[in-house]
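The values are calculated or read from the model by the stated rules, or taken from the named source; none is laboratory data. All figures in this text were calculated on a predicted structure; none of them were measured in a lab. Here Cβ is always computed from backbone atoms with ideal geometry, including for glycine, and neighbour counts include all displayed protein chains. Side chains included, ligands, DNA and RNA excluded: accessible areas come from the protein's heavy atoms. Shrake-Rupley method; radii C 1.70, N 1.55, O 1.52, S 1.80 Å.
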Amino acid sequence: MLSAKDILTIDDFDVKGKTVLVRVDINTPMDPEGNILDDMRIKSHIPTLIDLHEAKVVLLAHQSRPGKKDFTTMKAHAVRMSQYLGREVKYVDDIFGTCAKNSITAMKNGDVILLENVRFYSEESLERTVAEHAKSHLVKKLLPHIDIFLNDAFAVSHRAHLSILGFTEALPTGAGRVMEKEVISLDRGIKGGARPCIFVLGGAKVDDSLKVAENVLINGGADRVLVTGVVANVMLAASGVDIGKVNMDFIESQGYTDQIEKGRKVLEAFNGKVGLPIDVALNENGKRLEVQVEELPNGNMPIYDIGLETIVAFSNELKNARTVVLNGPAGLSEMAEFALGTHEIIRAASHSEYSIAGGGHISAEIRHIGYEDKFSHLSTGGGACIDYLAGEKLPGVVALKEAAVKRKLQK
């Protein structure tokens with residue numbers, strides 16, 4: 001596992017008067033008219049821009065991907081970022097052509113420009129090595145105009161994409177404030193946090209969650225792992241509970257049938273360290289029906305939340321923990337009737353000395369109930385965060401480490 005001391009940050013560079021290329025992740029939910037619905041990621045990069053106020057800052061970013069309705073330009077993002085920064089972030093509708101290069105050349109200290117959606121360039125999303133990406137037109141065209149590269153896009157750094165890796169060999173390279181905070185915070189959650197440390201893994205990404213559970217239990221990063229959501233359904237089935245045909249059919253439809261055996265092995269290997277629900281809430285024609293897990297009917301009522309007894313038991317554990325990491329909701333929290341488990345788990349986790357939410361859905365729920373300020377860290381990355389917690393090597397973070405080693409050798 002990498003840590004912040006393995007990578008360079010803004011503090012390691014003299015940025016005054018330099019042209020700094022920053023890869024940010026401001027990919028946001030947008031409505032069909034192109035209006036931004038959630039600007040959390042845009043806001044998260046403001047500390048990086050403030051700390052680069054004496055530099056000329058060139059931003060590279062993406063919005064959605066080809067084929068999606070919200071695959072559009074970065075114009076609205078530049079407007080919103082300008083509002084938060086308090087000065088203009090100029091939108092340039094070009095990536096590496098003459099317009100982009102001329103805009104960079106004309107910059108003065110303190111200027112910030114946002115180039116066009118980097119995914120408009122087809123080679124951006126190719127999974128390649130650093131050396132292969134370095135040969136791309138994008139890198140060759142922009143390289144002569146840039147002094148320093150900063151990767152501040154943690155949320156997309158689990159992808160070996162061009163704008164994440166392409167500049168890291170040729171330029172002095174470090175992390176922006178978002179990346180720096182993510183690495184420090186997540187490392188503290190999985191290996192340096194106060195004990196006891198409890199992970200709550202929910203949502204529907206069962207394979208990813210079981211990797212995280214296995215990683216933190218093998219490495220001693222967690223004292224307990226509590227499971228909710230579809231993850232809990234799989235683990236209940238793994239423990240021998242008949243969760244009912246409708247719930248088994250859903251697991252099969254998601255391609256997670258093989259995860260039941262994986263769950264069984266995790267339960268056997270870490271006896272007593274995995275907490276399973278003792279009751280659940282079924283969806284009975286839109287109404288909440290509480291049932292003990294051993295009394296689940298083999299009918300057509302799906303499990304939509306953890307039950308009240310489980311909520312109380314899990315909440316008590318979390319209130320006594322000193323470090324808590326949440327990833328994924330406890331149930332179908334979009335429906336008010338089944339949001340109880342998710343919201344109560346959030347409230348309980350907020351009492352701990354150090355609390356982390358692993359991006360995506362759970363972070364959105366935390367903000368929805370106004371608990372954002374009660375958490376130590378809300379990750380900006382969904383897939384990147386869960387990969388990091390599972391001990392996977394993120395290409396973007398690995399490239400930062402390699403760049404730091406290279407710089408130290410050159411000194």
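With the structure loaded, tell me whether D38 is surrounded by fewer than 22 Cβ atoms within 10 Å (Cβ to Cβ) and not in a loop (DSSP other than H, G, I, E, B) or whether it fails that test.
It is false that D38 is surrounded by fewer than 22 Cβ atoms within 10 Å (Cβ to Cβ) and not in a loop (DSSP other than H, G, I, E, B).
Which numbered condition in (1) part of a helix (DSSP H, G or I); (2) open to solvent by 30 Å² or more (accessible area, probe 1.4 Å); (3) modelled with pLDDT under 95 is the only one that N298 fails?
N298 satisfies every listed condition except (1).
Output the number of the condition that D93 fails; it satisfies all remaining conditions of (1) free of Cβ contacts under 8 Å to residues at least 60 places away in the same chain; (2) under 25 Å from the mean Cα position of the chain (by Cα).
(2)
Let me spell it out: the conditions are (1) open to solvent by 10 Å² or more (accessible area, probe 1.4 Å); (2) closer than 25 Å to A134 by Cα, and A399 meets all of them except one. Which number is the exception?
Among (1) open to solvent by 10 Å² or more (accessible area, probe 1.4 Å); (2) closer than 25 Å to A134 by Cα, the lone unmet condition for A399 is (1).
How many residues, within the stretch 55-74, are touching a residue at least 40 places away in the same chain (Cβ under 8 Å) and over 14 Å from V22 (Cβ atoms)?
Matching residues across the stretch 55-74 total 8.
Take V22 and decide whether it is surrounded by 16 or more Cβ atoms within 10 Å (Cβ to Cβ) and part of a loop (DSSP other than H, G, I, E, B).
No.
When the stretch 394-411 is examined, which residues are found to be at pLDDT 95 or above and part of a loop (DSSP other than H, G, I, E, B)?
Hit for the stretch 394-411 is L394, nothing else.
Given the options L289, L276, name the one that is modelled with pLDDT of 95 or more and open to solvent by 50 Å² or more (accessible area, probe 1.4 Å).
That would be L289, the only listed residue that is modelled with pLDDT of 95 or more and open to solvent by 50 Å² or more (accessible area, probe 1.4 Å).
Inspect all residues belonging to the stretch 286-295 and state whether any of them is among the hydrophobic types (A, V, I, L, M, F, W, C) and either within 28 Å of C197 (Cβ to Cβ) or within 31 Å of the chain's Cα centre (by Cα) (or both).
Among the residues of the stretch 286-295, at least one is among the hydrophobic types (A, V, I, L, M, F, W, C) and either within 28 Å of C197 (Cβ to Cβ) or within 31 Å of the chain's Cα centre (by Cα) (or both), which makes the answer yes.
For the stretch 221-233, state whether one or more residues are within 26 Å of D187 (Cα to Cα) and of a type in the set (D, E).
Yes, the stretch 221-233 contains a residue that is within 26 Å of D187 (Cα to Cα) and of a type in the set (D, E).
Which of the residues that make up the stretch 325-342 are open to solvent by less than 10 Å² (accessible area, probe 1.4 Å) and either under 18 Å from D39 (Cβ atoms) or of a type in the set (A, V, I, L, M, F, W, C) (or both)?
Within the stretch 325-342, V325, L326, A330, F338, A339 meet the criteria.
It is to be established whether one or more residues within the stretch 356-374 are in contact (Cβ under 8 Å) with a residue 24 or more places away in the chain, open to solvent by less than 10 Å² (accessible area, probe 1.4 Å) and in a loop (DSSP other than H, G, I, E, B).
There is at least one residue in the stretch 356-374 that is in contact (Cβ under 8 Å) with a residue 24 or more places away in the chain, open to solvent by less than 10 Å² (accessible area, probe 1.4 Å) and in a loop (DSSP other than H, G, I, E, B).
With E317, E309 as the choices, which residue is assigned to a helix (DSSP H, G or I), charged (D, E, K, R) and crowded, with 17+ Cβ neighbours inside 10 Å?
Answer to the check: E317.
Quick check, is L318 within 22 Å of E180 (Cβ to Cβ), of a type in the set (A, V, I, L, M) and modelled with pLDDT of 95 or more?
Numbers: within 22 Å of E180 (Cβ to Cβ): no; of a type in the set (A, V, I, L, M): yes; modelled with pLDDT of 95 or more: yes.
When the stated conditions are applied, L318 does not pass them.
Which one of these does I345 not meet: (1) open to solvent by 20 Å² or more (accessible area, probe 1.4 Å); (2) in contact (Cβ under 8 Å) with a residue 24 or more places away in the chain; (3) part of a helix (DSSP H, G or I)?
Here I345 meets the rest and fails (1).
Residue-by-condition table, conditions (1) closer than 24 Å to V15 by Cα; (2) in contact with a Lys or Arg (Cβ under 9 Å, 6 or more places away or on another chain):
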| site | (1), (2) |
| --- | --- |
| D51 | yes, yes |
| V57 | yes, no |
| T72 | no, no |
| K75 | no, no |
| F96 | yes, yes |
| T105 | yes, no |
| D111 | yes, yes |
| L114 | yes, yes |
| R119 | no, yes |
